[in-house]
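Q: Quick one: the structure is below, questions incoming.
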């Protein structure tokens, strides 16, 4: 494997899992924003932990809230731009320049208990348009230093930005319709039509580049201000209506979809409705799009989690007639492809983690071990399933090349799991040698003693990496997503108070002290 980023290449580390959208501050607009990362980082650092694991921040389509079906694999969603840090918005009057309806919407979004994507996107989009108008008048046409900075950004990031900005301009011009419904010449990317579109849409293209420049400036500033690492997420696929698929149409199938076979999350399996990789065509390109995605992740993150790792070894395809199968079809080819891609993903230097849950064949786990890629050890599922009584494995015996965790963005919280588990299952938990001091009867609803014992043993686990969902640190019951479901609550959870309150509230300071005490005692490196 190529050399990793030195900060996280070795040693024992621990971090917090939380989506960016979940950490709004007093200054942000009802959703966690890029500028809120340093605010979160102060509490993570005070907790003796040294990284935060985010979910994807790729641009979502209007009306969507799932970060796993995006308009672009490269672009940061402008919904995460902090308006208070946009120079042109401040120049134009800031929040005072908003009309009464937008001010009312902003106040509603800020006080909502969950993320109101529709309101946030509408209000913020209008504010960004106003900021861009100011930028055009004062900077672009005046050829100021800010205009030069945008020009340099466009040149530096042209390898993905040019096609993305053109796609966004066309997406807007055609009222958000799927690109398959665009006029034939644009749908098929005929050179004359593409050239004409670049000329016709020059100002919208500049606008979408401007948004990515703002996001990039804020992201790089946040990384400099954070005393901790930022880990990201590498989604398995983007949506069919995306800049990437439109640009590389021959590399994907839109007449079938990817998903997973039946597993612990769904007895019938899952159909994600996402395009299917044409692996034979992609191989002939030298896997260029995946190389580009790796490059982009390395620009943004210290490490990243490879979503649905097994799919890169063998993709589960669902034909429209209901037929299902894996591609590639043979184990030897599956292993060869997976290992080639894992080495490619590691080539940028960022630390790799793997989401290897669900149905994962033994040869994939052997491959991960040989490549040095840690997989997830979710405590509730780490059991001796073939042994009498199916006892839980002691986390102290988890292998170093693994990630100990209490759950993921797709699982119920630790408190929900405990309360739903039968007394026999709870009793088995208390019989784990390193958990025998848990000190609570199995019939008791999730007590603080159980919460703290489980968090403590995960920090002390044999795994080199520990990732703790923030809800589990506090014992909350709010989950992020329920797989194979479409619900209003999916992807909308946010902290019950502004993120900066983590550094002032007695309960969160108590949690920080608890984590710091045991992270240090268990040999986890602090910032």
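Q: At a 10 angstrom cut-off on C-beta neighbours, averaged per residue, how do the peptides 402-412, 289-299 rank from highest to lowest?
A: Packing order, densest peptide first, comes out as 402-412, 289-299.
Q: Can you sort 247, 413, 466 from fewest to most other Cβ atoms within 10 Å of each residue's own Cβ?
A: 247, 413, 466
Q: How far is helix 191-200 tilted off the main Cα axis of the chain, in degrees rounded to 10, range 0 to 90?
A: Result, in degrees: 80.
Q: So what's Rg/Rh here for region 128-178, counting alpha carbon atoms and using the Kirkwood radius for Rh? Please list the in-between numbers first.
A: On the way: Rg = 13.1 Å, Rh = 12.3 Å.
Rg/Rh: 1.06.
Q: Another one. Using only the alpha carbons, work out the radius of gyration and Dmax of region 375-496 in angstrom.
A: 14.3, 43
Q: Please report the orientation-averaged projected area of region 206-273, defined via the convex hull of its C-alpha atoms, in nm². Intermediate results must be reported in sequence, preceding the final value.
A: On the way: hull surface 30.5 nm².
Approximately 7.6 nm², given one-decimal rounding.
Q: Let me check against my output: what whole-number percent is the relative contact order of the chain, with C-alpha pairs under 8 Å and at least 6 apart? Walk me through the numbers on the way to the answer.
A: Numbers: 922 pairs, mean separation 113.2, N = 527.
Averaging sequence separation for qualifying contacts and normalising by length gives 21 percent for the chain.
Q: Let me ask another. Could you tell me the center-to-center distance, by alpha carbons, between region 37-97 and region 101-140 in angstrom?
A: Their Cα centres are 14 Å away from one another.
Q: Which shape class, rounded, prolate or oblate, goes with region 437-489 when its Cα gyration tensor gives a ≥ b ≥ c as root eigenvalues, a/c under 1.5 marks rounded, and past that a/b bigger than b/c marks prolate?
A: On the way: a/c = 2.70, a/b = 1.38, b/c = 1.96.
Taking the square roots of the gyration eigenvalues as a ≥ b ≥ c, region 437-489 is oblate.
Q: If you don't mind, another one. Which of the peptides 497-506, 58-67, 227-236 is most tightly packed, and how do the rest follow, going by the mean number of other Cβ atoms within 10 Å of each residue?
A: Taking the mean over residues of other Cβ atoms within 10 Å, the ranking is 227-236, 58-67, 497-506.
Q: Roughly how tilted is helix 117-135, in degrees to the nearest 10 and between 0 and 90, from the longest Cα axis of the chain?
A: 40 degrees
Q: Hey, fewest Cβ within 10 Å first, where do 116, 394 land in order?
A: 394, 116
Q: Before rounding to the nearest 500, sum -39500 (n - 2.57) across all DSSP H runs of length at least 4 in the chain and divide by the residue total; then give [θ] at 222 nm in deg cm²/dmol.
A: About -12500 deg cm²/dmol.
Q: Can I ask one more? Measure nothing but the geometry: give the 0 to 90° angle between the long axis through the Cα atoms of 145-156 and the longest principal axis through the Cα atoms of the chain, rounded to 10°.
A: The two axes meet at around 70 degrees.
Q: Let me ask something else about it. Please compute the contact order of region 61-162 in relative form: average sequence separation of alpha-carbon pairs under 8 Å and at least six residues apart, divided by the residue count, as a percent.
A: For region 61-162, the relative contact order is 28 percent.
Q: With contacts defined as alpha carbon pairs under 8 Å and 6 or more residues apart, what's the relative contact order of region 375-496 in percent?
A: Across region 375-496, relative contact order equals 31 percent.
Q: In addition: Take every DSSP beta bridge with both residues inside region 375-496 and express the antiparallel ones as a percent of the total, to the nearest 5.
A: 10 percent
Q: Another question, then. To make sure I understand, if each residue's beta carbon is the centre and we count other beta carbons within 10 Å, what order do 282, 34 fall in, fewest to most?
A: Ordered by Cβ neighbours within 10 Å, fewest first: 282, 34.
A short reminder: the numbers here are calculations on the coordinates, not readings from a lab. Because the structure is a prediction, the values reported are computed rather than measured. All Cβ positions, even for glycine, are placed from backbone atoms using ideal geometry, and neighbour counts span all protein chains on display.
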